[in-house]
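Data block below; observations after.
The values are calculated or read from the model by the stated rules, or taken from the named source; none is laboratory data. Not measured: the values here are computed from a predicted model. Here the Cβ positions follow ideal geometry from the backbone for every residue, glycine too, while neighbour counts run over all protein chains shown.
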Amino acid sequence: MSKIQNHQKVVLVGDGAVGSSYAFAMAQQGIAEEFVIVDVVKDRTVGDALDLEDATPFTAPKNIYSGEYSDCKDADLVVITAGAPQKPGETRLDLVNKNLNILSTIVKPVVDSGFDGIFLVAANPVDILTYATWKFSGFPKEKVIGSGISLDSARLRVALGKKFNVSPDSVDAYIMGEHGDSEFAAYSTASIGTKPLLDIAKEEGVSTDELAEIEDSVRNKAYEIINKKGATFYGVGTALMRISKAILRDENAVLPVGAYMDGEYGLNDIYIGTPAVINGQGLNRVIESPLSDDEMKKMTDSATTLKKVLTDGLK
Ligand code: NAD
């Protein structure tokens, strides 16, 4: 990890709505002593660094500055949020060609700097771009992590928290699969206070149709937000902060992310959303959820959707 003990350095590439929200979340939480911002729009990174440093007297001392790819050399973590966002009506998979081109101009100079830390990727379609980061970088799979279904799982916990009148952080539930239209709620594995969610739903008269509506609303929440305000950024910015914290504080935290599959769920050579253990070395291991047969089929179908994009777009 860090060359200087207790001094951690993060480089953010892509200082748009998502990147700057992530930077703000990191400043708020006082995570990482050094935070570098890189973007093709240099002025924006200079302005954002100046703006963000004004938050640090209220949070924690931090050196925030506009930088270059050479700054990745001794970084612990490089977070990629550069890329076109969805326009109203566009799916995440529609962004693939545009954002693969952008990604290819980023990963090479990061690696050429001598960087040997961890990549965290959030640009969409995130499962494809995480796979591409892994391929382009030549890094071990543990050191390339996608934000995957992190945000989607947060959205599910929010929705279930409202439905069952508990705090969302007391809901243990995951969206799995693609961060996109083929994702699904793994309800059979969900619980509240150790009690299976499906049992609670039965007891409280919440029908399977209502659970399916919640799953749909989660799947479509990004579209709803994009239609109303043009982009989504606070949720994902905070999700990226949470994953960064687990890495930089070597937490061994179990988090929903995008992980490389090496036989888990019968899948290989693909990045897809699942719970996994995250620590200072990156992705320590996938926690393979005991999915129902129906959910397993959804996982396989979601992987097939992603594989097709990988085959057409990358391989
Ligand atoms: P944005 O347009 O506000 O910001 C994108 C930034 O990338 C801009 O500042 C742009 O200058 C920069 N950029 C473009 N090409 C670059 C390059 N070659 N090198 C460096 N920087 C470059 O977009 P946004 O709303 O911040 O979204 C960014 C990405 O995050 C999109 O792909 C979006 O779909 C994705 N996203 C992911 C999630 C998730 O859960 N994973 C959620 C929301 C958005």
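Among the candidates LEU103, LEU77, the residue that is away from the ligand (no atom under 13 Å from the Cβ) and either among the basic types (Lys, Arg) or under 17 Å from ILE118 (Cα atoms) (or both) is uniquely LEU77.
Scanning region 159-190 for residues that are under 18 Å from ALA259 (Cβ atoms) and among the aromatic types (Phe, Trp, Tyr) yields TYR174, PHE184. Scanning region 69-83 for residues that are within 13 Å of ASP39 (Cα to Cα) and in a loop (DSSP other than H, G, I, E, B) yields THR81, ALA82, GLY83. The residues of region 91-139 that are outside any helix (DSSP H, G or I), among the small types (Gly, Ala, Ser) and farther than 19 Å from ASN268 by Cβ, listed by number, are SER113, GLY114, GLY117, ALA122, ALA123.
Looking only at residues in region 205-222 that are in contact (Cβ under 8 Å) with a residue 24 or more places away in the chain and out of contact with any helix residue (DSSP H, G or I) (no Cβ under 7 Å at 6 or more places or on another chain), which one is surrounded by the most Cβ atoms within 10 Å (Cβ to Cβ)? Spell out the reasoning first.
Start the filter on region 205-222 by keeping residues that are in contact (Cβ under 8 Å) with a residue 24 or more places away in the chain, which leaves 206, 210-211, 214-215, 217-219, 221-222.
Now narrow it down to the ones that are out of contact with any helix residue (DSSP H, G or I) (no Cβ under 7 Å at 6 or more places or on another chain): 210, 215, 219, 222.
On the way: GLU210: 12, GLU215: 18, ARG219: 19, ALA222: 23.
Across region 205-222, the extreme among qualifying residues is ALA222.
The residue list ASN252, ASN279 contains one member that is under 22 Å from TYR131 (Cα atoms) and within 20 Å of the chain's Cα centre (by Cα), which is ASN279. Quick check on my filter: what residues within region 16-50 are among the acidic types (Asp, Glu) and more than 14 Å from the ligand (Cβ to nearest atom)? Of everything in region 16-50, those that are among the acidic types (Asp, Glu) and more than 14 Å from the ligand (Cβ to nearest atom) turn out to be GLU33, GLU34.
Residue-by-condition table, conditions (1) part of a helix (DSSP H, G or I); (2) in contact with a Gly (Cβ under 6 Å, 6 or more places away or on another chain); (3) within 27 Å of VAL126 (Cβ to Cβ):
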residue: LEU12; (1), (2), (3): no, yes, yes
residue: SER21; (1), (2), (3): yes, yes, yes
residue: ALA27; (1), (2), (3): yes, no, yes
residue: PHE35; (1), (2), (3): no, no, yes
residue: THR45; (1), (2), (3): yes, no, yes
residue: ASP51; (1), (2), (3): yes, no, yes
residue: ILE64; (1), (2), (3): no, no, yes
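Condition test on GLY148, is it crowded, with 24+ Cβ neighbours inside 10 Å, within 18 Å of the chain's Cα centre (by Cα) and more than 13 Å from the ligand (Cβ to nearest atom)? Please lay out each step first, then the result.
Values: crowded, with 24+ Cβ neighbours inside 10 Å: yes; within 18 Å of the chain's Cα centre (by Cα): yes; more than 13 Å from the ligand (Cβ to nearest atom): no.
For GLY148, the condition - crowded, with 24+ Cβ neighbours inside 10 Å, within 18 Å of the chain's Cα centre (by Cα) and more than 13 Å from the ligand (Cβ to nearest atom) - is not met.
Only one of the numbered conditions (1) within 14 Å of the ligand (Cβ to nearest atom); (2) in contact with a strand residue (DSSP E or B) (Cβ under 8 Å, 6 or more places away or on another chain); (3) more than 20 Å from TYR131 (Cα to Cα) is not met by GLU53, and that is (1).
Pairing residues of region 287-315 that are under 26 Å from ASP94 (Cβ atoms) with residues that are part of a helix (DSSP H, G or I) and small (Gly, Ala, Ser), at Cβ distances under 9 Å and at least 6 apart in sequence or on separate chains, gives MET299/GLY266; THR300/GLY266; ALA303/GLY266; LEU310/ALA132; GLY313/ALA132; LEU314/ALA132. For region 65-100, a residue qualifies if it is over 18 Å from the mean Cα position of the chain (by Cα) and modelled with pLDDT under 95, and the qualifying residues are LYS87, PRO88, GLY89, GLU90, ASP94, ASN97, LYS98.
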